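Derivation of every value follows stated rules applied to the coordinates shown; laboratory data play no part. Since we're looking at a predicted model, the values are computed, not measured.
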Amino acid sequence: MYDFKNKVAIITGGAQGIGKCIADEFRRYGALVCIIDKQQGDHFVGDISDKNVLEQFAQDVTKRFGHVDYLINNAIPPMKGIDDCSFEEFQYALNVGVTAPFYLTKLFMEHFAEGAAIVNISSTRDRMSQPQSESYTAAKGGIAALTHALAISLAGRIRVNSISPGWIDNSHTITDGPDATQQPVGRVGSPLDIANMALFLCSDKAGFITGENICIDGGMTHQMIYHGDFGWKLTK
């Protein structure tokens, strides 16, 4: 389906969950994958909230490969709410979710190859919320907005898009019952649902797409829910 042979793909937070699935899929199609993650493993280990870590990582990648084809900003900011999130914790979430993607793009600016693409992983929480989710939601809203700003600034050089996943089951279990049937598609999402879109957006098949945020949530954000309608009940 894709030919990413010898293409260099950078994935933040690529040691687990959606990021790992994206990394595995890029490798499956021949890409050279560079991961940065706080989790220990056979990759660059570091906290992307730290400016010096980002600079060291960028130097390592460019020294090894000389160029970058794809940047996938996937690392997950922490979720804390207005009641107990400190100033420092909120700032950390923004550093991971917004500042790091911006600064990595800036660091690799002169090294992006022709046809390069950036994919930012946002969330459906960039448009809807639950209580006590401010740090995560603000970071995901920020990266969604950063996407279209970068797409315009980098027009003609790098395509920039974002993906907003809904409920994704990273444990690879089969979820059934109401958790599944409430979704218009009848199931919970899998990491591969997101990886497939990331690969497509990086490919030549998506050459006319930039500045977009693509929601992959099984239709949940389009489902109107009112107490008493169509069997929906608020029990709180």
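Would you work out the relative contact order for the chain, in percent, from Cα pairs under 8 angstrom that are 6 or more residues apart?
19
Picking from I163, I121, I152, which is most flexible by a Gaussian network model of the chain using Cα springs under 10 Å?
I152
Which residue, D24, D50, D176, tops the fluctuation ranking in a GNM of the chain built on C-alpha contacts under 10 Å?
Greatest mean-square fluctuation among the candidates belongs to D176.
Counting helices only, and only those DSSP H runs with n ≥ 4, report the 222 nm mean residue ellipticity of the chain as the sum of -39,500 (n - 2.57) divided by its residues, in deg cm²/dmol to the nearest 500.
-10500 deg cm²/dmol, from helical runs alone.
Can you give me the Rg/Rh ratio for the chain, using Cα atoms for both radii and the Kirkwood formula for Rh?
Result: Rg/Rh = 0.98.
Most fluctuating residue of M79, M220, M128 in a GNM of the chain with Cα springs under 10 Å: which is it?
Result for the chain, Cα springs under 10 Å: M128 fluctuates most.
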